[in-house]
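J.: Before I ask anything, here is the structure I am working with.
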Amino acid sequence: MQGAQSRFIMLKSVILFAVLFYGTLALCAPAVDLSEMPDRLPDMVAGQTVLLDVSSVKAKGGLESVRWKLKPSLASRRYELSLVGETRFERDWRHWYFKAPSLDKDTLLTLDFTAIARAKNKQGKKYRAKKSISVLVKAGTGKVSAVVEADVSTKGITLSAKASSSGNGNIVQYIWRQTEGPLLAIDPHAETLSFAIPSFEHNDIGVFTSDLSPDLPIPSPKNVAIPKGIQNHVDITYTGAFRVDADAGEEGSTHFGPSVIGVNPENTSIFVAGTKGSVAEMKIPAQFGLNDKSADLPFAEVLQNYFKVQDKTTVGQLDNYVINGLLIYKDSLIITCEHTYDTKGRPWNIQHASNAYDLANSDYKGFLQLEGKSRAAGFMSEIPKDMRHALKGEYLAGWGSNFSIDNRYSLGPSLFSFNPQDIVDANISVNPRIPTRMHMAYSIANLISKGANAKSTLPNDPIWGLLASAHFGFIVPNTRKYIVFGRHAGLEGGVGYKISQVDGGNTNGGERTYLPDDTYPYFWIFDVDDILRAKNEYDPQPISYGKFMLPYLINEQSFIRGGSWNANSNTLYLSVSNAVDEKYAKAPVILAFEVKAKNEASDYPSIPRRLSFDLTVIDNMGYTDTRSISVDVPEHIRH
């Protein structure tokens, strides 16, 4: 009996000791344990790639996220540190890889690693731990040679990379990029390119390769280079810019606001959308400026302070309201708007103020329901009289992928027609719906281009992408051209979801470019006849598109956010967001252009009979070489 009791007491003591011992260990264990992460990676040579494995990390409550930063930062080499295979729903962003750069000497690099736990400490902050991991990258560029052999004949052009070689092994990847001439449809990863002789006549050219160049600079205000794709279809001249008062009154501001604008028919005043659902009116300056600094541009005199039109809602509810478009019609103001994160698909999207020139005392009607919801309720502009019958309306409305929840938007510029008089005459208590006619719109099921919603470190589709958005469009009178302005991004380094940008760039909870400076003002041109002939609303394709580099761009938040077309003066106004960078100020700048149809005296962009390409070859060791080639097409060889 005593022996049994002794054994029981001993067992009890062992259990108590184990509880105390392992409990103490648990208390001493770090909230984020990086002890099994290596201090150093194996030596590497240029082009080699290694997955940065974080599976050994132990974190309290689970791993929330990880961050990597390369030191020293190699700003000219933009792909060393990238996120691949994002685990979107687990939110742990584990799959990073490091690609060793080509260096002229052996270099010890440091990868700074940060792991963040889901659990929080007593101060409410998430537990985190950091570790520096070194790697020696050995010098050398590899023995790789890119060779291009060209053949030009009446049958077409052939560019072959078969003669390219590597002393390390085999060439495993070819990357072609066209740099000059009419844009051709090619397989960028083929060993050999073969294509027919393209037309070099301006009437036949759609996209100019120069409008997609990665090296387009921000222009001087005195020397704005109009994209060739636009020059090819209309006569357009930059006439200058002006500023709007960002803090007129206390009910709103343009600081970080929507930067949406609307100009009255007399071309004397401009209405500007601000924060908190507000609108202000300002006098357009008699002279526009060509100042080098946006802060020195002439100011528009305030005629009406920012007034919260959102507070004048009579029917419907739309919290988190943002203004998309402003239209002055017969002395009244029409306002399109939406919820920035509308999971419910609410139909309320139009307000009407009967007196645009006295917003504080005007009668209001809204919200009305413009048919097409967020695919239509964006920018608005007048349809030329000779096209109203064909388009079944006096004005057009359009939009494209501007806020969250893609399935409610057109994934590409849209085109709807409507009659503003229907808004003026609407009896909101009887029927709040405003009819439209849909002519062009895209969706997730029917994209404008195959790569329009791709997440990848590869360059985005130049037609449309995850961060592309359409912000203003109009039909140029006496033409059949529908021109849309907005932004595009990820054209050099792609777009990812919940990533940190390379070289220690910004992080983001949604989509973002991998490269910090990979967002651009953009244009798309459609032929109205193509739109009218299309069997489906998603069939039309742009006849031209490209970057539209403008003065006063500051960062990735500087792009075309709004516009207005005044047919009486042939003036196009474009609003560039975040173009005035002062303390506590991120205000827009308004740019003005004179736009007319082409005529017999019009100039066209010069089109050399030349096609140029860059070829990059990569071998099995990751070594690379790049070669440029230009092919002059003789006059006697025709399309």
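The values are calculated or read from the model by the stated rules, or taken from the named source; none is laboratory data. From a predicted model like this one, the values you see are computed outputs, not experimental measurements. So basically every Cβ, Gly included, is an ideal-geometry build from the backbone, and we count neighbours across all protein chains shown. Note: accessible area is taken over every heavy atom of the protein model, side chains too, but ligands, DNA and RNA are not part of it. Shrake-Rupley method; radii C 1.70, N 1.55, O 1.52, S 1.80 Å.
J.: Tell me the trypsin sites (Lys or Arg not before Pro) within the stretch 547-602 that lie in a loop according to DSSP and have at most 13 other beta-carbon atoms within 10 Å.
T.: Lys583
J.: Additional query: Say the cut-off is 29 Å between C-alpha atoms; which of Lys228/Lys373; Lys71/Lys143; Lys450/Lys547; Lys455/Lys481; Lys120/Lys308; Lys455/Lys547 go over it? Kindly include the intermediate steps, with their values, before the conclusion.
T.: Working: Lys228/Lys373 34 Å; Lys71/Lys143 27 Å; Lys450/Lys547 20 Å; Lys455/Lys481 31 Å; Lys120/Lys308 40 Å; Lys455/Lys547 21 Å.
Those over the limit are Lys228/Lys373; Lys455/Lys481; Lys120/Lys308.
J.: While we're looking at this one, here's another question. Can you compute the modelled spin-label distance between Gln48 and Tyr497, with each label point 7 Å from Cα toward Cβ, in nm?
T.: 3.4
J.: Then there is this: Rounded to the nearest 0.05, what FRET efficiency is calculated for Ala445 and Lys125 with R0 set to 30 Å and r the Cβ-Cβ distance? Walk me through the numbers before you get to the answer.
T.: Values: r = 43 Å, r/R0 = 1.44.
Efficiency at R0 = 30 Å is approximately 0.10.
J.: Turning to a different aspect of this structure: Can you tell me how much longer the chain between His189 and Arg627 gets when fully stretched, taken as 0.36 nm per residue apart minus their C-alpha distance, in nm with one decimal?
T.: Numbers: separation 438, 0.36 × 438 = 157.68 nm, distance 1.47 nm.
Residue separation times 0.36 nm, minus the Cα-Cα distance, leaves 156.2 nm.
J.: For the chain, what is the accessible area per residue in Å² when the probe is 1.4 Å?
T.: With all protein chains present, the chain gives 46 Å² per residue.
J.: Under a point spin-label approximation (7 Å from Cα along Cα-to-Cβ), what is the Glu600-Ser354 distance to one decimal in nm?
T.: 5.2
J.: Can you give the FRET efficiency for Asn568 and Thr237, using 1/(1 + (r/R0)^6), R0 = 22 Å, r = Cβ-Cβ distance, to the nearest 0.05?
T.: Efficiency, rounded to the nearest 0.05: 0.80.
J.: Against the empirical 2.2 N^0.38 Å scaling, what ratio does the C-alpha Rg of the stretch 378-463 come to? Don't skip to the end; give the middle numbers.
T.: Values: Rg = 16.1 Å, N = 86, 2.2 N^0.38 = 12.0 Å.
So the Cα radius of gyration is 1.35 times the expected 2.2 N^0.38 Å.
J.: Against the empirical 2.2 N^0.38 Å scaling, what ratio does the C-alpha Rg of the stretch 209-281 come to?
T.: With N residues counted in the stretch 209-281, Rg over 2.2 N^0.38 Å equals 1.47.
J.: Please give, to one decimal in nm, the separation of the simple spin-label points placed at Ala295 and Glu36, each 7 Å out from Cα toward the Cβ.
T.: 5.4
J.: Considering only protein heavy atoms and a 1.4 Å probe, what is the carbon-and-sulfur percentage of the accessible area of the chain? Write down the numbers at each step before the final one.
T.: Values: 14340 of 29090 Å².
Carbon plus sulfur share of accessible area: 49 percent.
J.: Counting only the backbone N, which residues of the stretch 590-616 are under 15 Å from the spot 7 Å out from the Cα of Asp386 toward its beta-carbon?
T.: Answer for the stretch 590-616: 596-600.
J.: Highest first, please rank the peptides 428-435, 394-401, 112-119 by the mean number of other Cβ atoms sitting within 10 Å of their residues.
T.: 394-401, 112-119, 428-435
J.: In degrees between 0 and 90, to the nearest 10, how far off the longest principal axis of the chain does helix 2-28 point, with axes built from Cα atoms?
T.: Around 40 degrees separate the two axes.
J.: On to the next question. Report, please, the projected area of the stretch 122-261 averaged over directions, based on the convex hull of its C-alpha atoms, in nm². Could you put the intermediate results ahead of the total?
T.: Values: hull surface 78.5 nm².
Projected over every direction and averaged, the Cα hull of the stretch 122-261 covers 19.6 nm².
J.: What is the magnitude of the charge dipole of the chain about its Cα centre, with +1 placed on the Cβ of each Lys and Arg, -1 on the Cβ of each Asp and Glu, and no other charges, expressed in debye to the nearest 20?
T.: 2540
J.: Related question: What's the FRET efficiency of Lys330 with Ala286 using the Cβ-Cβ distance as r and R₀ = 25 Å, to the nearest 0.05?
T.: Using R0 = 25 Å, I get an efficiency of 0.45.
J.: While we're on this one: Of (i) 229; (ii) 206; (iii) 302, which one was derived for volume of the Cα convex hull per residue in Å³ from the structure shown?
T.: Identified label for the calculated read-out: (i).
J.: Oh, and also: So for each of 411-417, 203-209 I average, over its residues, the number of other beta carbons within 10 Å; can you give me the resulting order with the highest mean first?
T.: 411-417, 203-209
J.: Just report the Cα centroid separation between the stretch 514-589 and the stretch 209-275, whole Å.
T.: Here the two parts' Cα centres lie 8 Å apart.
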